[in-house]
Every structure is written in structure tokens, then in C-alpha cells.
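Here is the structure we will look at.
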Amino acid sequence: MSPPPALALAPPLLAWFAQAGRHDLPWKQPATPYRVWLSEIMLQQTQVQTVLPYFERFLETFPTLEALAAAPLDAVLSLWSGLGYYARARNLHRCAQTLVRDHGGVFPEDPEILVTLPGIGQSTANAIAAQAFNRRAPILDGNVKRVLSRYFAVDGWPGTRAVTETLWAYADAETPGHAPAAYTQAIMDLGALICRRKAHCARCPVQAGCASFRTGTVDQRPAPRPKRERPLKRRFFLFVFDADGALWLAPRPPEGIWGGLLGVPELETLPELGSVLETLGPPSSLSPAQPLPPFEHGFTHFRLEITPVHVHLTGRPKVEAFYAPATWETLPLPAPLKRHLRTLTTARSQSHVENGVLPLFPKGTGRA
């Protein structure tokens, strides 16, 4: 399918954006390269409402690119905790250091240079160039894919190479040379506010030219990802508390799922407990292992069933890596681990006696 004459979308879309677009997003106040870049990385596969509080906290802690580059990775991961896709945070940190080291702390305006930086793909590079420098650069994030798929009746799942290439051609043809910053934000806003998964066609400013609307096939595009069964993996998470209620945590490997975060030991089988606990202290100083009801955490490609196992130390541990409950919320922890700890602290705050509620700490040893 060949792209149509350029700028079928731009005139009505820009007129709509001037009246109804999102002009109050914090990364627009002002739209500096640092703020735009930070927001674009956070918004990858994440909704605006989820990103907003993280963006504000990042700016409070790291108000400049130099501050972010100089920060320890643990501090960056701690602020990112709960936002998911942690490779983004590691690449964010590496990118900041690269910009300070190799570019004098200045963002390149050319998207072909931006795309060479850690964590920046073509659409993100183009978005930074357009939003921060008002350069003509087409974008193709999830919202834009949905708009273009419907407007030009592009069939097929956008994750395939052929469909992606077609959508890029349309994105390029439609991006105007004038006001590219406004246009790229406008088409993202259209996908976020109007052309949603459940489309609000009656309010759409480009309805008249939409091929899917004319044929009544809006709900059929974009085609969904082909269904596949996500396998279920089962793991035991070992939570070891010392006599004061502090939790044993250790750094995870730098790459992979939750790379670089703090975590608890993960076991495939309960018999593995013995060798892990030997590193902490003599058996006489350990309470019996206490498995709790499992809960599930979902990933893109698989589901993880987590069974928490609690063990309490009554003597002095051989290792020092124990973290007090007051620090847990600020630590760089995987989301399901933090979720479990919040459940425990909530239960403890509601009741200091068992009464059928599992106590967080052994009786008489909890911290205030």
C-alpha cells in the first residue's frame, strides 16, 4: 500500500490540538531536552497517569542531566522501582553518563545521533528531536500505530516487520515540516484521548478521512498480537528476618529481569533452602521455614507464581546485608517483593497479635 499525498492528517489534527490537546504535561513546562528525554523513556509501554508521579520524583532528585549521571545506579533504580521494565532505568543512567562524557552534557539535535545512545530507539530519538528541538521527525509509538492503522486501514499486527514498515511510511508522509513539535504531540494525544482501544469516533477531528470509520472496521484495527499461552514458572522467595525484623537482601545480577535491584533468594524447590540458610547462621539460630500462600506476578512472556517462605534468625547472622523495615519503601526492589512487604507491614500495623494474622516479626522482636 502506497502512502497517500502528504498532510491529510496534519491540518485538522493541529486545529484540534490547539483547542483540546494536552498542553499541561509537566515535561512540556518547559520542554527542555532533558525533560523530554526523561519523559519519553518513562512513557515507553507505560501510561501517562502512571508516569506522572515518577517523573516529578526524578526531577526533584535529579534536576539536571549531570545530577543523574553522577548518581549511583542504586539511587536511580530505587526511584524507578514499581515502574517496570528496569532495563529502561539502567539505560537511562548509562545514557546520562554517555551524554556528559562524550557530548559535554548537551543533547544532540540529530535523531541519527540520538539513536546511537543507550536506550533510545528510532521513534524515541525522533520524538526527542521533534519535541525538544522542533525538528521534522516522524514518530511511531503505540498510540500513533493505532491511529495510523485505523486511518489508513492497515491490516495485520503492528509488531510484524512488514506492517511496521508500512506504518513508518505513513508516519513520514504525514509529518509536516512546519510545527513538528505540535504535530507529534497532537497525534500522540489523539491516540491517548480519542482513538483509544475503545475509540470515541464521534469526537474525532479526523473522522472524515478515516478509512476504518467509513467501512465500520475501527474495532478490527490494529490487529491484536497473535495469542500464545504464557508458561507458568514457580519460585520460592526466601524472606529471612533478623531478631529486629530487618530483611536479608542481596544485589541481583546486573542484567536480566530486575537487573541491578536488591532481592531475596529465589529457589525452584524447597530442599534448596538448606544450602542457602547455611550462609546465615547455625541451624539452632533459625526458626522453621514458614511457607505462605502463593501469589502471581505477570510478565510479557510468562507468569510467575511466587511462594513466600519466611525464616527468622534468633542469633547474630554471619552476613550484614539486613535492611530495617523503615528503609524498604526507598530500596530498589522488584515490584512483587515490595508488594509482599507492604502486605506484611499493613498486617502488622493492624494487629500486633497473631489472631490468625501472620505477624511480620517473631513475638516481642518487632521494631517500632
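The values are calculated or read from the model by the stated rules, or taken from the named source; none is laboratory data. The structure displayed is predicted, hence computed values, not measured ones. Cβ: placed from backbone, ideal geometry, glycine included. Neighbour counts: every protein chain shown.
Looking only at region 159-188, filter to residues that are in contact with a Lys or Arg (Cβ under 9 Å, 6 or more places away or on another chain) and surrounded by fewer than 21 Cβ atoms within 10 Å (Cβ to Cβ); which one of those is nearest to residue 32 (Cα to Cα)? Checked region 159-188; the qualifying residue nearest to residue 32 (Cα to Cα) is 181. Just one residue in the set 79, 43, 73, 83 is surrounded by 14 or more Cβ atoms within 10 Å (Cβ to Cβ) and more than 21 Å from residue 328 (Cα to Cα); that residue is 43.
Out of 173, 179, 246, which single residue is in contact with a Phe, Trp or Tyr (Cβ under 6 Å, 6 or more places away or on another chain) and of a type outside the set (Val, Ile, Thr)? If you could, list the steps in order and put the result at the bottom.
Working: 173 fails: in contact with a Phe, Trp or Tyr (Cβ under 6 Å, 6 or more places away or on another chain); 179 fails: in contact with a Phe, Trp or Tyr (Cβ under 6 Å, 6 or more places away or on another chain).
The conditions single out 246.
Residues in region 230-244 that are surrounded by 15 or more Cβ atoms within 10 Å (Cβ to Cβ) and at pLDDT below 90: 242, 243. Considering region 322-368, and only residues there that are farther than 21 Å from residue 243 by Cβ and at pLDDT below 50, the residue that is surrounded by the fewest Cβ atoms within 10 Å (Cβ to Cβ) turns out to be 356.
Only a single criterion out of (1) on the phi > 0 side of the Ramachandran plot; (2) touching a residue at least 24 places away in the same chain (Cβ under 8 Å) is not satisfied by residue 213, namely (1).
Just to be sure, is residue 32 of a type in the set (S, T, N, Q) and either over 28 Å from residue 173 (Cα atoms) or modelled with pLDDT under 95 (or both)? It is false that residue 32 is of a type in the set (S, T, N, Q) and either over 28 Å from residue 173 (Cα atoms) or modelled with pLDDT under 95 (or both). Set side by side, the residues 161, 197 differ, and just one is under 25 Å from the mean Cα position of the chain (by Cα) and either among the small types (Gly, Ala, Ser) or more than 27 Å from residue 24 (Cβ to Cβ) (or both), which is 161.
Condition check ((1) among the hydroxyl-bearing types (Ser, Thr, Tyr); (2) under 23 Å from residue 103 (Cβ atoms); (3) part of a helix (DSSP H, G or I); (4) in the same structural domain as residue 139 (by TED's automatic domain parsing)) across all residues:
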{"residue": "36", "(1), (2), (3), (4)": "no, yes, yes, yes"}
{"residue": "40", "(1), (2), (3), (4)": "no, yes, yes, yes"}
{"residue": "55", "(1), (2), (3), (4)": "no, yes, yes, yes"}
{"residue": "59", "(1), (2), (3), (4)": "no, yes, yes, yes"}
{"residue": "63", "(1), (2), (3), (4)": "no, yes, no, yes"}
{"residue": "74", "(1), (2), (3), (4)": "no, no, yes, yes"}
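Within region 105-119, restricting attention to residues that are under 20 Å from residue 169 (Cα atoms) and surrounded by 16 or more Cβ atoms within 10 Å (Cβ to Cβ), which residue is farthest from the chain's Cα centre (by Cα)? Write out each step before concluding.
First, pick out the residues of region 105-119 that are under 20 Å from residue 169 (Cα atoms): 110-112, 115.
Retained after the next criterion (residues that are surrounded by 16 or more Cβ atoms within 10 Å (Cβ to Cβ)): 111, 115.
Numbers: 111: 23, 115: 20 Å.
Per the stated criteria, the residue is 111.
Going through (1) in contact (Cβ under 8 Å) with a residue 12 or more places away in the chain; (2) more than 23 Å from the chain's Cα centre (by Cα) one by one, residue 102 falls short only on (1).
Which one is nearest to residue 85 (Cα to Cα) among residues in region 279-299 that are at pLDDT below 80 and not aliphatic (A, V, I, L, M)? Please lay out each step first, then the result.
If we filter region 279-299 for residues that are at pLDDT below 80, which is where we start, we get 279-285.
Retained after the next criterion (residues that are not aliphatic (A, V, I, L, M)): 279, 281-285.
On the way: 279: 31, 281: 35, 282: 38, 283: 38, 284: 41, 285: 38 Å.
In this case the residue turns out to be 279.
Every condition in (1) buried (at least 16 other Cβ atoms within 10 Å of the Cβ); (2) within 28 Å of residue 327 (Cα to Cα) holds for residue 49 except the one numbered (1). Of note, residue 49 does not satisfy the criterion of being within 16 Å of the chain's Cα centre (by Cα), closer than 25 Å to residue 257 by Cα and in a loop (DSSP other than H, G, I, E, B).
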